[in-house]
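Each remark here refers to the structure printed beneath this line.
Read-outs: derived from the displayed coordinates by stated rules, not from any lab. Small disclaimer: the values here were computed from a predicted structure and weren't measured. Positions of Cβ are generated from backbone atoms using ideal geometry, with glycine treated the same way; all protein chains shown enter the neighbour counts.
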Amino acid sequence: MTAQRPGHAVIVDLPRGHEDDAPELRGLAALAARVLADPCRPGAARLAADRGWRTRHQLEARASSFAFWSVDDDVEEAGAALAAGASRWTESDHELLARSRAAQRVLAGQRAGQVLTQLNQASHQAAWGWTPPSALGAAQTIANLSGEVVREELARLGSALRVHGAPRCDGSRGPRPDGPALPAAPPQASTSTDDRRWRGGVVHVRTTAESARLSVRLPCHSDRPGALEVLVEVLGSGPEGRLHRALRGERGIAYGFSAGHWSQDSTNSVAATAFVRAPDVADTVRILLDAVGGLLESPPGEREFEAARQRCLARLLTSLDDPFAAADEVRRAARGQTPIGELVRSVSALTSLDGLRAVSGRRPAVAVVGPDPCGRAVEEALGSHP
């Protein structure tokens, strides 16, 4: 008989994320969360600190969520405590806000200079033709986040939060969801329908480093839940996948590499990345194009597929061991997202990757962060690639 895990968690959803920020107030959702997460002011953060709860915060495009875990039932007080903290604003909060603004401004600058941030933004630009604004905002927009702006935002959030909780170990129900369901994400006002179509192309972020980071991304069709997750496992971010064999085992030109998939505006895409020396950029682009494109054109054999499927299942199932996992599953279902348990069933039912294919006639999106010669190397590699 399996022992039941003690304790339980709740997740408090706030109905606004970073894509809800007005252009002149970019960073508002992040700053509001930073204020609410400060244990110096009354609210859920102070309660968590006093009682030793485990906490987590996630800022998403259309929501901001706080998760709380406790071995005792007292964690169910988190929603009311967060709402009370959001509705409270005193003179001392102005000083706290000044510190929070300064910290967020520093963090925003650091994030903007990170190579992985630059690569992700360049990959998005190459794929869609535009770059999403930073969730943290920029120096000027953060400066616009006055006490009055933040106070009004906190009041809105506190009056519309929603609490999700999983059933307890004894089988009784967790807290019922409070507040309105989060709305479906509307289209971004800053981009038109035409701007959100797949573009493809090359974006080069120039640096003075001797090495380069690359991303090769291809759009694809997938009508079978779980197929993209297994495809990413075939490519692999470890020694079991095709990228390891192609980039390290056979040629030894890259140490760091990864694979991932995205879904945006009804378009799926798969990407592979690598960290290489600048002189190896052209060869690496060809290798990544062959790895991703070849897998979309010709599904893996039975043995390779089954090994990747089992790795995918192991990754999904171990993610359910997280202390917040049960509450996360309830939240996903409430928001119309696919729960991990449902994805596990879909992956378990897969017998092949047939039906997963590249979108014909679309250019790949290639991003490179590195010194000047890298951009020309990418263009040459694409020009010579069949």
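How much length is gained if the chain between Glu240 and Tyr255 is pulled fully straight, taking 0.36 nm per residue apart and subtracting their Cα-Cα distance, in nm to one decimal?
Values: separation 15, 0.36 × 15 = 5.40 nm, distance 1.42 nm.
Here the segment from Glu240 to Tyr255 would lengthen by 4.0 nm.
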Item to complete: Per residue of the stretch 210-227, in order, report the coupling 6.51 cos²θ - 1.76 cosθ + 1.60 (Karplus, θ = phi - 60°) as ³J(HN,Hα) in whole Hz, putting x for Gly and Pro.
Response: 8, 9, 9, 10, 10, 9, 10, 10, 10, x, 8, 9, 8, 10, 10, x, x, 5
Worksheet item: FRET efficiency for Asp290 and Leu320, Cβ-Cβ distance as r, R0 = 30 Å, nearest 0.05?
Response: 0.30
Worksheet item: Nearest 10 degrees, 0 to 90: what angle lies between the long axis of helix 325-334 and the longest principal axis of the chain (Cα atoms)?
Response: 90 degrees
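So what's the back-of-envelope 222 nm ellipticity for the chain, counting only DSSP H runs of four-plus at -39500 (n - 2.57) apiece and dividing by all residues, rounded to 500? Provide the component values of the computation, followed by the final result.
Details: 13 runs with 158 residues, N = 386.
Result for the chain: -12500 deg cm²/dmol, rounded to the nearest 500.
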Worksheet, complete the sentence: Expressed in µm² per second, the diffusion coefficient of the stretch 200-384 from the Stokes-Einstein equation, with Rh the Kirkwood radius over alpha carbon pairs, at 20 °C and 1.002 mPa s, is 123 µm²/s
Fill in: Stretchable slack from Ala49 to Ser348, in nm (0.36 nm times residue separation minus alpha-carbon distance)
103.6 nm
Worksheet entry | C-alpha long axis of helix 302-319 to longest principal axis of the chain, angle in ° | 20 degrees
Response to the item:
Here the stretch 272-282 yields Karplus 3J(HN,Hα) values (6.51, -1.76, 1.60; θ = phi - 60°; whole Hz; Gly and Pro given as x) of 10, 10, 8, 10, 9, 6, 4, x, 9, 4, 4
Response to the item:
Placing +1 on each Lys and Arg Cβ and -1 on each Asp and Glu Cβ in the chain, then taking the dipole about the Cα centre, the residue among Leu36, Val366, Ala381 whose Cα reaches farthest towards the positive end is Ala381
Worksheet, complete the sentence: Residue span Glu152 to Thr338: 0.36 nm per residue of separation minus Cα-Cα distance leaves a gain in nm of 63.7 nm
Discussion item. Treating only the Cβ of Lys, Arg, Asp and Glu as charged (+1, +1, -1, -1), what charge dipole size does the stretch 200-384 show about its Cα centre? Round to the nearest 20 debye.
Written reply: 220 debye
Item to complete: Sort out for me the Cα centre separation of the stretch 14-55 from the stretch 311-377, rounded to whole Å.
Response: 28 Å
Discussion item. Which order do the peptides 83-91, 123-131 come out in when sorted by mean C-beta neighbours inside 10 angstrom, highest first?
Written reply: 123-131, 83-91
Discussion item. Using the crude model of +1 on Lys and Arg Cβ and -1 on Asp and Glu Cβ, and no other charge, please compute the dipole size for the stretch 8-165 relative to its Cα centre, in debye to 20.
Written reply: 440 debye
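In the chain, what % of DSSP beta bridges are antiparallel (nearest 5)? Don't skip to the answer; put the middle values down first.
On the way: 44 of 50 bridges.
Given both bridge residues lie in the chain, the antiparallel proportion sits at roughly 90 percent.
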Worksheet item: What's the angle, to the nearest 10 degrees (0 to 90), between helix 92-113's Cα axis and the longest principal axis of the chain?
Response: 0 degrees
Discussion item. With θ taken as phi - 60° and the coefficients 6.51, -1.76 and 1.60, list the Karplus ³J(HN,Hα) couplings across the stretch 159-164 in order, rounded to whole Hz; mark glycine and proline as x.
Written reply: 8, 10, 5, 9, 10, 10
Practice prompt. May I ask you to list the residues of the stretch 216-244 whose amide nitrogen lies under 14 Å from a point 7 Å from Cα along the Cα→beta-carbon direction of Arg357?
Written response: 220-224
Practice prompt. Assign unit charges at the C-beta atoms only (+1 for Lys and Arg, -1 for Asp and Glu), then state the dipole size of the chain relative to its Cα centre in Debye, rounded to the nearest 20.
Written response: 340 debye
